[in-house]
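Trainee: Let me begin by handing over the structure; questions about it come next.
Read the figures in this text as sums done on the coordinates, not as results from a lab. Note that the structure is predicted; figures quoted are calculated from it, not measured. So basically every Cβ, Gly included, is an ideal-geometry build from the backbone, and we count neighbours across all protein chains shown.
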Amino acid sequence: MKKFITAILAAACLTAPAWALDAPKGDVILVVKGSIANANVDGTAAFDRDMLAALPGRKAYMETPWTKGKVEFSGPLLREVLKAAGAKGHMLKVRALNDYAAEVPAEDAKLDTILADHQDGEVMSVRDKGPLMLVYPFDENKDLYNELYFSRSVWQIKEIEVVE
């Protein structure tokens, strides 16, 4: 009987979803929609600050065209946000608060791209390109420091649409 119960529990674990995305408890600052498997609010993956802070992230010092000198950016890695949402697509439409949108290949998430929510240790406000800014790893790969990646570096991000 003990082996039977163990087998049933093991089978249940194998069929359970790999990731259950909890509902946000605070103000939603990012919505991931489109081709996703892990919705938590009306068919979307909605994230508050605490949810994003719980994901694996990165802190990096770098120069950008939008800042003076080297600054520190930190926040969750784009790939981890997409993983949490169960994203399945080849293109991301990253949309800002003012509805500006850039098409970003999902492949860019393989880089150490940050969805920065902090700059120099401070929460990024809307006035300072927040709540989120897509920051490429310019510090790791100088070849990324060009107009192509600058055009994909959306700030004041509110939404990512995953397109198959």
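Trainee: Quick one: which of Lys59/Lys83; Lys33/Lys70; Lys83/Lys129; Lys59/Lys110; Lys70/Lys129 span more than 26 angstrom between C-alpha atoms?
Mentor: On the way: Lys59/Lys83 19 Å; Lys33/Lys70 33 Å; Lys83/Lys129 24 Å; Lys59/Lys110 16 Å; Lys70/Lys129 16 Å.
Exceeds cut-off: Lys33/Lys70.
Trainee: Stretch Lys25-Asp50 to full length: gain in nm at 0.36 nm per residue minus the Cα-Cα span? Before the final figure, lay out the partial values.
Mentor: On the way: separation 25, 0.36 × 25 = 9.00 nm, distance 0.84 nm.
Stretched out fully, the Lys25 to Asp50 stretch lengthens by 8.2 nm.
Trainee: Run down the aspartates and glutamates and flag those whose C-alpha is under 20 Å from the C-alpha of Lys142, throwing out any fewer than 8 positions away in its chain.
Mentor: Glu63, Glu72, Glu107, Asp108, Asp112
Trainee: Gaussian network model of the chain, Cα springs within a sub-10 Å range: biggest mean-square fluctuation belongs to which of Pro131, Pro76, Pro65?
Mentor: Pro65
Trainee: What is the set of long-range amide H partners of Ala54 at a cut-off below 5 Å, with H atoms built 1.01 Å from backbone N?
Mentor: Long-range HN contacts for Ala54: none found.
Trainee: Under a Cβ-only charge scheme (Lys and Arg +1, Asp and Glu -1), can you give me the dipole magnitude of the stretch 114-164 about the Cα centre, in debye to the nearest 20? Show your work: numbers first, answer last.
Mentor: On the way: 5 positive and 11 negative charges, 35 e Å.
My answer is approximately 160 debye.
Trainee: Which of Ala60, Leu21, Ser125 sits closest to the plus end of the dipole of the chain, meaning its Cα is farthest towards the positive end, when Lys and Arg get +1 and Asp and Glu get -1 on the C-beta?
Mentor: Leu21
Trainee: Continuing with this model, one more query. State to the nearest 20 debye the size of the charge dipole of the stretch 23-151 about its Cα centre, where the only charges are +1 on K and R beta carbons and -1 on D and E beta carbons. Numbers along the way, then the final one.
Mentor: Numbers: 16 positive and 20 negative charges, 50 e Å.
It works out to roughly 240 debye.
Trainee: Using the Karplus equation 6.51 cos²θ - 1.76 cosθ + 1.60 (θ = phi - 60°), what ³J(HN,Hα) coupling, rounded to whole Hz, does each residue of the stretch 36-45 give in order, writing x for Gly and Pro?
Mentor: Along the stretch 36-45, the couplings run 10, 9, 10, 7, 10, 9, 6, x, 10, 9 Hz.
Trainee: Arranged from highest to lowest average of other beta-carbon atoms within 10 Å per residue, in what order do the peptides 81-92, 148-159 appear?
Mentor: Numbers: 81-92: 19.8, 148-159: 17.8.
The peptides rank, most packed first, as 81-92, 148-159.
Trainee: So what's the gap between the Cα centers of the stretch 30-79 and the stretch 96-164, to the nearest angstrom?
Mentor: 8
Trainee: Still on this structure, please answer the following. How much length is gained if the chain between Asp143 and Lys83 is pulled fully straight, taking 0.36 nm per residue apart and subtracting their Cα-Cα distance, in nm to one decimal?
Mentor: Values: separation 60, 0.36 × 60 = 21.60 nm, distance 2.60 nm.
Full extension of this stretch gives 19.0 nm more.
Trainee: How big is D for the chain, in µm² s⁻¹ as a whole number, if Stokes-Einstein is applied with the Kirkwood radius of its Cα pairs at 10 °C and 1.306 mPa s? Each step should come with its number before you reach the end.
Mentor: On the way: Rh = 16.7 Å.
This corresponds to a translational diffusion coefficient of 95 µm²/s.
Trainee: Less than 12 Å apart at the alpha-carbon level, and either on another chain or at least 8 residues along: which aspartates and glutamates does that give for Lys93?
Mentor: Excluding near neighbours in sequence, the set is Glu103, Glu159, Glu161, Glu164.
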